Amino acid sequence: MKINSIMKSKLIVFGLAAIAFMFFVNDYALVSADKVAIVVALGVDKGTDAPYQVSAEVLVSNMDASSTGVDNVILVAEGDTISSAINGLFLNTGWYPKLNFCDVILLSREITEECAMDVLSFFLRSERILDSALVAIADTSAKDILETITPLDTLSSAAIEKISVQRYLSNADCATTMLKDFAKHYYDEGIDNIVTIVKPVKLDAKQSKSETQTTPKDKFQLFDLSTSAIFSHGKMVAEIPAELTQAYNFATDKIQTGNYLVKEVPSENPKEKKKFNYDLQIKKHTQNVDISINNNVPQLKISVKLLTKVADSTENYSILDLTTSTTIPKNVLKTAEAQLEDELYSLFKLTQENFSDIYGVGKDLHKFHLKDWRAFLFSQQDAWQYMKDVDVIIDVTIDSLST
């Protein structure tokens, strides 16, 4: 009994000591709650008077008796480095920046066309910013995107996160690249990144009187994340549409849900010259990317298999069609396979033309076929452009659920 009571006393002491330690080392130990600014997103543009302009979307706790809740503001500052610009954001406000909640990092086109890692290196070094933050490209400028007023959410960064996740889950046509993934692909041999581009889109909708009084109609906007960018050695080199992003995700990721839109399917009746669109719901998805080297030639084999049912179609339905959506006409399946093969091949040609190894050809060859890989690189005039000599084999199988 004595031993148990002593152990309990020790546990209580250690617990109190741990709580005290966490309090004194925590950011809030020396800063009152009304002085803390929670940074939820950071954007980086080219500066006017300095190399970098950093914009921060900030939640500020308002402790005034006449106010309740939390206000959000956009702070902007320039600096010779990203760190100095972030420090400059808060020097004149008296707020203490809390960066642990930064979930979105926006980079302008200018930044990504030079080298994204020059900027992202700060975020990777920082212990206060999560490696799981979403990396995205601002089509206009990072500052403009963060300042955009959207009816989707109080915070523009939160709206971007929601749209990217929903697009990925619904259609798998959005690139959701995290900070840690971008860095890993940059430093791995022969891997390049694919990152979503955020474009503001004007909202054509009626507004209530209260909205009209607070926000001009032309300021209300949505975000379009249907375009992605592929990178080569840390630089953005080309844009790809949503269907090619979807094809890439089909080839490299495990898709649990989503639809695949098949366009211009010819009628089964040879007398009809009509074409229809079919939306196929994915029920099962398997994929494989195999990389090898034969006779000093790298070879990329992409295999995609989809098990689907009809979600919708522009073709006139008979009662039998409506009750058997798991059976898909052969001409639809044939058109779907040809379309996806063409999309995968188009994406591969883009990677060849821009020397972007988003499939990780170099990484796999370096890891599993080192001797042949080195011999191949030695035979190249420019080892950085090895993608131009890669052969591709694409195999797509799309079946209906009933089979």
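The values are calculated or read from the model by the stated rules, or taken from the named source; none is laboratory data. Keep in mind the model is a prediction, meaning the values are calculated, not measured. No Cβ is skipped: glycine too gets one built from the backbone with ideal geometry, and neighbour counts run over all protein chains shown. All accessible areas refer to the heavy atoms of the entire protein, side chains included, with ligands and DNA or RNA removed. Shrake-Rupley method; radii C 1.70, N 1.55, O 1.52, S 1.80 Å.
Stokes-Einstein diffusion of the range 69-190 at 4 °C, 1.567 mPa s viscosity, Kirkwood radius from Cα pairs, rounded to a whole number: 82 µm²/s.
With the radius of gyration and the Kirkwood radius both derived from the Cα set of the range 274-403, what is their ratio Rg to Rh?
On the way: Rg = 19.4 Å, Rh = 17.0 Å.
For the range 274-403, the value is 1.15.
Counting only protein heavy atoms and a 1.4 Å probe, the range 87-127 has 47 square angstrom of accessible area per residue.
With Cα atoms as the point set, the radius of gyration and Dmax of the range 218-261 evaluate to 13.7, 40 Å.
As a calculated quantity, the FRET efficiency between residue 166 and residue 297 at R0 = 41 Å, using C-beta atoms, amounts to about 0.50. Remind me, relative contact order of the range 271-396 in percent, using alpha carbon pairs under 8 angstrom and six or more residues apart? It rounds to 34 percent for the range 271-396. To check you understand DSSP bridge types, tell me what percent of the beta bridges within the range 47-205 (both residues inside) are antiparallel, rounded to 5. Just about 60 percent of them are antiparallel.
Out of the total accessible area of the range 137-198 (probe 1.4 Å, heavy atoms of protein only), what percent is carbon and sulfur? The C+S portion of the solvent-accessible surface of the range 137-198 is 53 percent.
In the context of the full set of protein chains, residues of the range 274-403 present 55 Å² of accessible surface per residue (probe radius 1.4 Å, heavy atoms only). For the range 100-110, putting each phi into the Karplus relation 6.51 cos²θ - 1.76 cosθ + 1.60 with θ = phi - 60° gives couplings of 5, 9, 6, 9, 9, 10, 9, 10, 6, 4, 4 Hz, in residue order, rounded to whole numbers and with x for Gly and Pro.
Counting only protein heavy atoms and using a 1.4 Å probe, what share of the accessible area of the range 323-379 belongs to carbon plus sulfur, as a whole percent?
Carbon and sulfur atoms account for 56 percent of the accessible area of the range 323-379.
Estimate the FRET efficiency between residue 345 and residue 383 by the formula 1/(1 + (r/R0)^6), using the beta-carbon distance for r and 35 Å for R0, to the nearest 0.05. Rounded to the nearest 0.05, the efficiency is 0.90.
For Cα pairs less than 8 Å apart in space and 6+ apart in sequence, what is the mean separation divided by the residue count of the range 126-185, i.e. the relative contact order in percent? Each step should come with its number before you reach the end.
On the way: 39 pairs, mean separation 25.7, N = 60.
Here the relative contact order equals 43 percent.
Averaging the Cα positions of each part gives two centres, and for the range 144-165 and the range 341-403 these lie 35 Å apart.
Could you tell me how many cubic angstrom of Cα convex hull volume the range 119-172 has per residue? So the per-residue hull volume is 114 Å³. Taking K and R as +1 and D and E as -1, what net charge do the other residues with C-beta under 10 Å from the C-beta of residue 265 add up to? My count for the surroundings of residue 265 gives +1.
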